[in-house]
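Bear in mind these aren't lab numbers, they're just calculated from the coordinates by the rules spelled out. Model, not experiment: these values are computed from the prediction. Neighbour counts run over all protein chains shown; Cβ positions are idealised from the backbone, glycine included.
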Amino acid sequence: MMNFTVSGMTCGGCVNAVTRAVQSKDPTAIINVDLSTQHVNVNTILTIDSVEQLITDAGFPVLHVQQDHA
Ligand SMILES: [Cu+2]
């Protein structure tokens, strides 16, 4: 599981944009967004660098990245 702190997400449309961005490269990815904390949890076969790039390219700057071992 990867955890990203992402800035600029304000509504469900932003959540959908982030979700679609990651799923464009891994349709089976599971993405959970907590708008109140700006945290995005991603379960995917993609590399953490790839996911960070996809979220950034969708227009949401990634402030912090953490890889969990679970
Ligand atoms: Cu929005």
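If you take the residues in region 12-33 that are in contact with a Leu (Cβ under 8 Å, 6 or more places away or on another chain) and small (Gly, Ala, Ser), which one is surrounded by the fewest Cβ atoms within 10 Å (Cβ to Cβ)?
Selected residue: Ser24.
If you take the residues of region 4-46 that are among the charged types (D, E, K, R) and more than 14 Å from Ala58 (Cα to Cα), which of them is nearest to the ligand (Cβ to nearest atom)? Show your work before the answer.
Of region 4-46, the ones among the charged types (D, E, K, R) are 20, 25-26, 34.
The next check asks that each one be more than 14 Å from Ala58 (Cα to Cα); those that pass are 26, 34.
Working: Asp26: 22, Asp34: 14 Å.
Only one residue fits best here, namely Asp34.
Only one of these conditions is not met by Ser7: (1) small (Gly, Ala, Ser); (2) surrounded by fewer than 12 Cβ atoms within 10 Å (Cβ to Cβ); (3) without any contact (Cβ under 8 Å) to a residue 40 or more places away in the chain. Which number is it?
Single failed check for Ser7: (3).
Among the residues of region 46-60, is any crowded, with 17+ Cβ neighbours inside 10 Å and touching a Cys at 6+ places or on another chain (Cβ under 8 Å)?
yes
So how many residues does region 1-22 have that are over 10 Å from the mean Cα position of the chain (by Cα) and outside any loop (DSSP other than H, G, I, E, B)?
Result for region 1-22: 4.
So, in region 24-52, how many residues would count as being in contact with a strand residue (DSSP E or B) (Cβ under 7 Å, 6 or more places away or on another chain) and of a type outside the set (A, V, I, L, M)? I'd like the intermediate steps shown before the answer.
Going residue by residue through region 24-52, those that are in contact with a strand residue (DSSP E or B) (Cβ under 7 Å, 6 or more places away or on another chain) are 29-33, 38-43, 48, 51-52.
Now restrict to residues that are of a type outside the set (A, V, I, L, M): 32, 38-39, 41, 43, 52.
Total satisfying the criteria: 6.
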